[in-house]
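What follows is a single structure, written as structure tokens, with notes after it.
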């Protein structure tokens, strides 16, 4: 399905900010997305969420509020901004925001050699940047360079802009994982099912989260209550395993402890999933959603 010339739907912006960008449960999705945006650069294996409200060096300084501010395992900083409307001084704003993660790297009251970690500003834009002739290029990377030799002067400050209106690829044209992420961002509200080109595990999880985000408030409350039942059962099961482990240790029955622990863990997990499925079924949640949430098979769900 071609994505056309349209922009990202507002529902996708809300979903992206609330469920992917800011939700630690979905950190693996954010890491995968960032790694595709970074391309050939060294990949990210872990992220730490930082305070999105950044103050200046003094109380009177102007503050900046990011959609997301995070740091990877190498200390590199990432600002992620979703911009829906073009602003007159958008480039100025991007540069201003990038100064906060630069300045905060300076230790207070200590000698410092000015060695900085890299800073990336990543903008997902629902508009086309003005006054720049780049054809139909939807990925724009900006760094400081020498205007005569065109060599990069400073590679630790990078601005990456995704101009969503320029992305017009259809499903059959998707080759890279990056293109697939762009396609999902552009077309998610119009996709009734996961396309054949998006069968990777990361997109399976993304579509599962999108299904949950589309639940009504009543269904979401039911889902959360069902999830609470599952977590309660799992906690009780974990406690039972811990007690059994201690008893087995005292009695010195190493072989029995290992077998009993494995059996207890599997039995407890299965019972917890079944209890969640029953609760969801009693509250009218669709069988497909129950299967996605619990990991049970359709036959198991239908047999409850």
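Rule-based calculations on the coordinates, nothing more; no lab input. Given the structure is predicted, the values throughout are model-derived calculations rather than measurements.
Please work out, to two decimal places, the log10 of the ratio I(q)/I(0) at q = 0.14, 0.24 Å⁻¹ from a Debye calculation in which every Cα of segment 117-202 carries one identical scatterer. Ignoring solvent entirely, the Cα scatterers give -0.63, -1.20. The calculated P(r) of segment 10-213, using every Cα pair and 5 Å bins from 0, goes 1, 6, 14, 18, 20, 17, 12, 7, 3, 2, 1, 0 in percent. For segment 10-213, the relative contact order works out to 17 percent when only alpha carbon pairs closer than 8 Å and six or more residues apart are counted.
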